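Working notes for the structure below.
The values are calculated or read from the model by the stated rules, or taken from the named source; none is laboratory data. Since the model is a prediction, treat every value here as computed from it, not as a measurement. Here the Cβ is made from the backbone with ideal geometry for all residues, glycine too, and neighbour counts use every protein chain on show.
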Amino acid sequence: MSNLFEVKELRKSFGANLVLDNVSIEFPAQSATVIIGASGSGKSTLMRCMNLLEELNDGQILLDSQDISAYGIDLDSVRGKIGSVFQAFNLFPHLSVVQNITLAPRLVHGKSKDEADLLARTLLTRFGLAEKADEYPNLLSGGQQQRVAIIRAVATNPMLLLLDEVTSALDPVLIAEVLTLISELKNEGMTMVIATHEMGFAKKIADNIVFLHKGRVHESGTPEKIFNAPQTQELKEFLGALHQAGRL
Amino acid sequence: MTYQPSSLQLQREAAKRRASRRSTLIALASTFAAGLLVTIVVTGAQGYEKVKESFFNWHYAKLALPSVFHGLLLNLRVLIIAEFFVLLIGLLIAIARTTTSPVLYPVRLIATIYTDLFRGLPLLLVLLLVGLGIPGLRINWIPNSAVVLGTVALVLTYSAYVAEVIRAGIEGVNPTQRQAARALGLSQGQTLEHVVLPQAFRNVTPPLLNDFVSLQKDSGLISVLGAVDAIRAAGIQTAQSFNFTPYLVAGALFVLLTIPLTRFTDWLTRRQDAKQRAQGQW
């Protein structure tokens, strides 16, 4: 199977502080890759590099074999192919739910208003949010806001979906509804990269898990391999700490 | 289930009512005392009769009202045209100042110099320089009417203030909003138009209205160039009768003009505060 997306020998530093050191990861089409690691391990920076919100210091990012980190590439058109969802939802507070979802399809992908509206309402209905279509974001619960943010990201029909700690700001009940939505997208064949602290979810959804520690990939493999047969000392310690905290 | 207040709650509410009745009485008494004091001081002053005669003369007030009111219509016209250009130019300068591209450095520089200059110069000075200086150039196609040049001077000064208000609004929009828009593939321009500016204007509507109120009364300053607005009309009346009441008539009209807008601004500010509190509680 060919790789839809690939990160090659990526380095990223903020001043003298090297945050990502020689990170290489392959993302096959229709796979779910989960990135785990302690806070400060570089997960979020990696996610931000992958949707080109951060500039790289070295290495390459390939989308469908095209080097999207090359100098002079059209950033807007590349970002239009990668859907991103953030921890803090970042819905547009001055726009209704439908308007939030239709903004990019209309402006970036040239869809008519009717076409985009129909698409948005179809997606909202499918994911159980039809009655919220014309509400404003501040009237929605955190879980509903995050689901709208995910729908907004997939409404542009991206080749790849990046989910950066999308459940970290939510309580367990709301986490469950967001995770259900993500699982459904995975079943539809969406290629996704997920940074998360939800290990139960990681086990269930991941085809491949990548363990990041101090900016380096220490181990990667299937969930069974990572959770049941950790090789490196760092991963053993990380899993041990999760166990102690009752998160595993 | 219906709500039945307990006797404890009833006692509490009765005590509250007693306290608020007492506050009202105290407020009434102190207002009356203050009013009495002012009346005694003013009417007791040596020149009171003379001031009353030359500033509060009903006869001259009625006489001056039509021409002062006619002048006020000019103030209103100036106000509306000036406000349109102030918002337009202020917006352009604010956008210019918040750009980051190196190509646009000169634009940023000019915008910065402009706001520094016109926020620093007294409005009266700008009025005199534009109103008297530009006609002196004797360029044919530039109109030298006092009204037009006065409006230009108002626009020059107020655009600088309004640009700073709008810029504060733009910078007050959370950077994550811009990021979310860019991550969806929106261009810089689309992000500004559809995500940043709508939120920026919502945040700065009260201070913008405040500047609008201020422009409303400063439109009276064009009278120094000879435009026959409300103040100038009052001045002409005063010159004929040697009675200052027409100025008071003009003042009263300006206050009447600004009150609805200031009340509207207050109401809008309160409503926005309440809304933000509601948002903070989810």
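One table, with the values for the structure above:
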item	result
Search result, residues across region A:96-114 that are touching a Pro at 6+ places or on another chain (Cβ under 8 Å) and free of Cβ contacts under 8 Å to residues at least 40 places away in the same chain	A:Lys111
A:Ala149, sole failed condition from (1) touching a residue at least 60 places away in the same chain (Cβ under 8 Å); (2) surrounded by fewer than 16 Cβ atoms within 10 Å (Cβ to Cβ)	(2)
Among the candidates B:Arg108, B:Arg138, B:Arg97, B:Arg119, residue that is of a type in the set (Lys, Arg) and exposed (fewer than 10 other Cβ atoms within 10 Å of the Cβ)	B:Arg138
Residue that is nearest to the other protein chains (Cβ to nearest Cβ), among those in region A:155-178 that are hydrophobic (A, V, I, L, M, F, W, C) and closer than 14 Å to A:Ile194 by Cβ	A:Leu162
Answer residue from region B:169-189, given it is under 26 Å from A:Ser77 (Cβ atoms), touching a residue at least 12 places away in the same chain (Cβ under 8 Å) and more than 8 Å from chain A (Cβ to nearest Cβ) and is surrounded by the fewest Cβ atoms within 10 Å (Cβ to Cβ) among those	B:Arg178
Unique residue being touching a residue at least 60 places away in the same chain (Cβ under 8 Å), farther than 27 Å from B:Ala274 by Cβ and buried (at least 20 other Cβ atoms within 10 Å of the Cβ) when the list is A:Leu124, A:Leu163	A:Leu163
Subset of region A:65-102 that is touching a helix residue (DSSP H, G or I) at 6+ places or on another chain (Cβ under 9 Å) and part of a strand (DSSP E or B) - its residue that is nearest to the other protein chains (Cβ to nearest Cβ)	A:Ser84
Helices (runs of 4 or more DSSP H) contained in region B:163-282 and holding at least 2 residues farther than 30 Å from A:Ile151 by Cβ and more than 23 Å from the chain's Cα centre (by Cα)	B:230-241, B:245-280
Residue in region A:132-141 that is within 11 Å of chain B (Cβ to nearest Cβ) and under 18 Å from the mean Cα position of the chain (by Cα) present	no
Filter result for B:Asn210 (at pLDDT below 90, surrounded by 13 or more Cβ atoms within 10 Å (Cβ to Cβ) and within 14 Å of chain A (Cβ to nearest Cβ))	no
Odd one out for B:Leu192 among (1) away from every other protein chain (no Cβ under 14 Å); (2) surrounded by 18 or more Cβ atoms within 10 Å (Cβ to Cβ)	(1)
For A:Leu53: the one exception among (1) among the aliphatic types (A, V, I, L, M); (2) at pLDDT below 90; (3) over 27 Å from A:Ala29 (Cβ atoms)	(3)
Filtered residues of region A:48-59 (kept if of a type outside the set (A, V, I, L, M, F, W, C) and either in a loop (DSSP other than H, G, I, E, B) or within 11 Å of chain B (Cβ to nearest Cβ) (or both))	A:Arg48, A:Asn51, A:Glu54, A:Glu55, A:Asn57
Meets criteria (away from chain B (no Cβ under 14 Å) and part of a loop (DSSP other than H, G, I, E, B)) for A:Leu62	no
Residue, nearest to B:Val195 (Cα to Cα), within region A:103-114, restricted to residues that are more than 10 Å from every other protein chain (Cβ to nearest Cβ) and in a helix (DSSP H, G or I)	A:Lys113
Residue satisfying condition, being under 14 Å from the mean Cα position of the chain (by Cα), under 23 Å from A:Ala155 (Cα atoms) and at pLDDT 90 or above, within set A:Ile82, A:Ile35	A:Ile82
Elements of type helices (runs of 4 or more DSSP H) in region B:25-138, at least 1 residues being of a type outside the set (Phe, Trp, Tyr) and in contact with a Leu (Cβ under 7 Å, 6 or more places away or on another chain)	B:58-98, B:123-128, B:134-137
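The rows are residues; the columns are (1) on the phi > 0 side of the Ramachandran plot; (2) outside any loop (DSSP other than H, G, I, E, B).
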| site | (1), (2) |
| --- | --- |
| A:Thr122 | no, yes |
| A:Gly128 | yes, no |
| A:Glu135 | no, no |
| A:Thr156 | no, no |
| A:Leu161 | no, yes |
| A:Ile175 | no, yes |
| A:Lys204 | no, yes |
| A:Ile209 | no, yes |
